[in-house]
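Notes follow the structure.
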Amino acid sequence: MSHKPESLDRTERLCGKNRINELFQVGQTGKSRMFVVRALPNGLDFTRISVAVSKKAGSAVKRNRIRRRIRAAFRTSKAVLPAGWDFVLLARIGCDSEPMPKLKDSLKNAALRATETGSPAEMR
């Protein structure tokens, strides 16, 4: 099966309840206007993400649209995001109406805030 360029590579998806729970318990937090990001170093050369959207954001259709936009923002911002981290991206209410450049900027700012206390190599 071929990889679609508009989808996340399997290695970029953060799966596993244990790892996600660990991120919520001991992960570093970064906040921006549109996101709350929980981050932990993963010991790899690439970044993995998981996206969470509250039911308060709206119907399932609206929440899925928000998830798709966040994944698209991540795909196009990978070069400026720190490598070697696991992120759980928690979408704040209202991020669905923001234009894509603001969404990318907010994602970058929240991720950098969450990872500014140390590099992955220092935290291993």
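The values are calculated or read from the model by the stated rules, or taken from the named source; none is laboratory data. The structure displayed is predicted, hence computed values, not measured ones. Glycine also receives a Cβ, built like all others from the backbone with ideal geometry; neighbour counts cover every protein chain displayed.
Sort out which residues of segment 63-96 are surrounded by fewer than 21 Cβ atoms within 10 Å (Cβ to Cβ) and among the charged types (D, E, K, R), and write them in order of number.
ARG63, ARG65, ARG67, ARG68, ARG69, ARG71, ARG75, LYS78, ARG92, ASP96
Identify all residues within segment 40-86 that are touching a residue at least 40 places away in the same chain (Cβ under 8 Å) and of a type in the set (Asp, Glu); write none if there are none.
Hit for segment 40-86 is ASP86, nothing else.
Within the bounds of segment 1-14, is there any residue that is of a type in the set (S, T, N, Q) and either farther than 17 Å from THR76 by Cα or modelled with pLDDT of 85 or more (or both)?
Pass one, segment 1-14, residues of a type in the set (S, T, N, Q): 2, 7, 11.
After this cut, where a residue has to be either farther than 17 Å from THR76 by Cα or modelled with pLDDT of 85 or more (or both) as well, the list is 2.
Yes, that holds for at least one residue.
Name the single residue, out of those in segment 8-45 being touching a Ser or Thr at 6+ places or on another chain (Cβ under 6 Å) and of a type in the set (Gly, Ala, Ser), that is nearest to PRO82 (Cα to Cα).
ALA39
Between residues in segment 87-104 that are free of Cβ contacts under 8 Å to residues at least 60 places away in the same chain and residues that are among the aromatic types (Phe, Trp, Tyr) and surrounded by 20 or more Cβ atoms within 10 Å (Cβ to Cβ), which pairs lie under 6 Å by C-beta distance while being six or more apart or on different chains?
Sorted first by the residue in segment 87-104, then by its partner, the pairs are LEU89/PHE35.
Kindly establish whether GLY16 is on the phi > 0 side of the Ramachandran plot and touching a residue at least 24 places away in the same chain (Cβ under 8 Å). Quick ask: steps written out before the conclusion?
Details: on the phi > 0 side of the Ramachandran plot: yes; touching a residue at least 24 places away in the same chain (Cβ under 8 Å): no.
No, not satisfied.
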